[in-house]
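Down below is the structure, laid out as structure tokens.
Please treat every number below as a calculation from the coordinates, not as lab data. Because the structure is a prediction, the values reported are computed rather than measured. Note that we place each Cβ from the backbone using ideal geometry, even for glycine, and neighbour counts take in every protein chain shown.
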Amino acid sequence: MAVLFNQLLLPLQKKEAMFCFFIAKKSRINNRHVIHTHFCELLPEENGRLELGYFDDIESAITAGKKRFSRVEVCKYCCNF
């Protein structure tokens, strides 16, 4: 069971917050698709991104992103926590 509070999914059983991650549909020059959090200023418009889901760590978001695209990377601005 979880509670949605200010765009964070807060699990009732855990103490850490979960963030919603998205991946850009369009690859960058290096042929990689960038993973962003929902609050990133560089997040593509709705029609240019896919929701990966809620995760409590970046590694899980990367794993989900690799199920959609073979080459992914995380945004250096929003995924450095």
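Values computed for the structure shown
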quantity: Residue pairs meeting the criteria (Cβ under 7 Å; at least 6 apart or on separate chains; first under 19 Å from Arg28 (Cα atoms), in the stretch 52-81; second of a type in the set (A, V, I, L, M) and in a helix (DSSP H, G or I)); calculated: Leu52/Ala61; Leu52/Ala64; Val72/Ile62; Val74/Ile58; Val74/Ile62; Cys79/Ile58
quantity: Selection within the stretch 25-81 - aliphatic (A, V, I, L, M) and surrounded by 15 or more Cβ atoms within 10 Å (Cβ to Cβ); calculated: Val34, Ile35, Leu43, Leu50, Leu52, Ile58, Ala61, Ile62, Ala64, Val72, Val74
quantity: Filtered residue count, the stretch 20-42, keeping only those that are closer than 15 Å to Phe69 by Cα and either touching a His at 6+ places or on another chain (Cβ under 9 Å) or assigned to a strand (DSSP E or B) (or both); calculated: 11
